[in-house]
1. Normalised by the number of residues in the chain, what is the relative contact order in percent for Cα pairs under 8 Å and 6+ residues apart?
2. Please compute the modelled spin-label separation between Arg57 and Glu131, points set 7 Å along Cα→Cβ, answer in nm with one decimal.
3. Round to a whole angstrom and tell me the spacing of the C-alpha centers of region 101-169 and region 197-221.
4. Please label the shape of the chain as rounded, prolate or oblate, based on the square roots a ≥ b ≥ c of the eigenvalues of the alpha-carbon gyration tensor (a/c under 1.5 means rounded; beyond that, a/b larger than b/c means prolate, else oblate).
5. Which one, Leu142, Thr3, Val336, is farthest towards the positive end of the dipole of the chain when Lys and Arg carry +1 and Asp and Glu -1 on their Cβ?
6. Run the numbers for Ser76 and Glu210: contour at 0.36 nm per residue of separation, minus the present Cα-Cα distance, in nm.
7. On full extension of the chain, what length is gained from Gln236 through Asn223, given 0.36 nm per residue of separation minus the C-alpha to C-alpha distance?
8. Between Glu314 and Arg23, what FRET efficiency comes out of the Förster formula 1/(1 + (r/R0)^6) with R0 = 41 Å and r the beta carbon distance, rounded to 0.05?
Amino acid sequence: MKTRGIAVIGSGSIADQHLGALREIPHAKVVGIFSRGADKARKMGEREKCRWTTDYRELLSDPAVEIAHIVTSSGSHAAITRDALQAGKHVLVEKPMAMTSAEADDLLALAKAKGRTLGVVSQRRFEDQHEAVKKLLDSGALGKLLLVEVSCPYFRDQAYYDSADWRGKIATDGGAIMNQGIHSVDLMLWFGGPAKTVQGKIATQTHRMEAEDLALAIVTFENGAFGTIMASTSIQPGFTPCLNLYGEKGSVKLEGATITHWTVPHTPKPEFAVAQASAAVRGPLLSSHVMHQRQIAEFLSAIEEGRPPRVSGEDGRRAVKLIEGLYASSKSGGPVIL
């Protein structure tokens, strides 16, 4: 496989996890790093032995850069992705890909026009238990899907939201569902299929911030199944996310990376030799970058093979659209057709 030059655009806490993953992929070469702060950019560039800059556009004009790896604050994702695609780069962007579905639509159209690959980071799809559940659902072993339950009872203290000027704001961060809960929303849509309607309610209960720290929703899917969502950053002391699937022939319950219940006819519960990294319950960092490594490697393979990545721009857009619908429903008090 061809070794491709990658520019890591962003230097926050999540950037280190992505860089750790990139170091372990033989055909990925970090050729540039961007940070808004010169001192941090220099230190990271020296550590990674690559070019550094405080102007990401310099990296986008560099022919050595084939892929823009965007790990900046959420509200900047769409604008930087747009600039990268315009410059002819492939893009792997952290979730959410955009703060609105209209922005996401523009990015999808631009990627298509430029013939570039656009992927969205949703590394939890690459955990073994989630891949096993997806295979199970695709096989029809659960029968007709009836209900998908998602619960994200996280905790973030006020200091977390005060740590950066963009945190907790609707335009630049989003709240518990757009920032923390979106991984589980993506899994729900991956397992349940396209959503038809959403009705929900949001509130800010325990933090001083603009965005929500609690979101609740009922989802109907095009296949007739239902879904429920709870996402919060106010739940003490913080718990691992849960995802439960109920079909007409059986049920599967997941708590973090653990399968806690498996009732599936003629299909034994899968066992995994290596513990999986799951969600960050009380802070933004995971204990391992292995799942990021899996997703980045798959993204590089997709470029090599000329196919869409497993988590495509379309997938990223669907998650944003559902959350956008939840926000609109909370405001209007009624269901929103997706």
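The values are calculated or read from the model by the stated rules, or taken from the named source; none is laboratory data. Just so it is clear, the model here is predicted, and its values are computed rather than measured. Don't worry about glycine lacking a Cβ; one is built from the backbone with ideal geometry, like all the others, and counts go over all protein chains shown. To get the accessible areas, we keep the full protein, side chains included, count just its heavy atoms, and leave off ligands, DNA and RNA. Shrake-Rupley method; radii C 1.70, N 1.55, O 1.52, S 1.80 Å.
1. Details: 751 pairs, mean separation 66.8, N = 338.
Reported as a whole number, the value is 20 percent.
2. 4.1
3. 17
4. Judged from the Cα gyration tensor, the chain comes out prolate (a/c at least 1.5, a/b above b/c).
5. Selected residue: Thr3.
6. Extending this stretch completely gives an extra 46.5 nm.
7. Values: separation 13, 0.36 × 13 = 4.68 nm, distance 3.56 nm.
Roughly 1.1 nm would be gained on extension.
8. Details: r = 30 Å, r/R0 = 0.72.
Efficiency computed from Cβ-Cβ geometry: 0.90.
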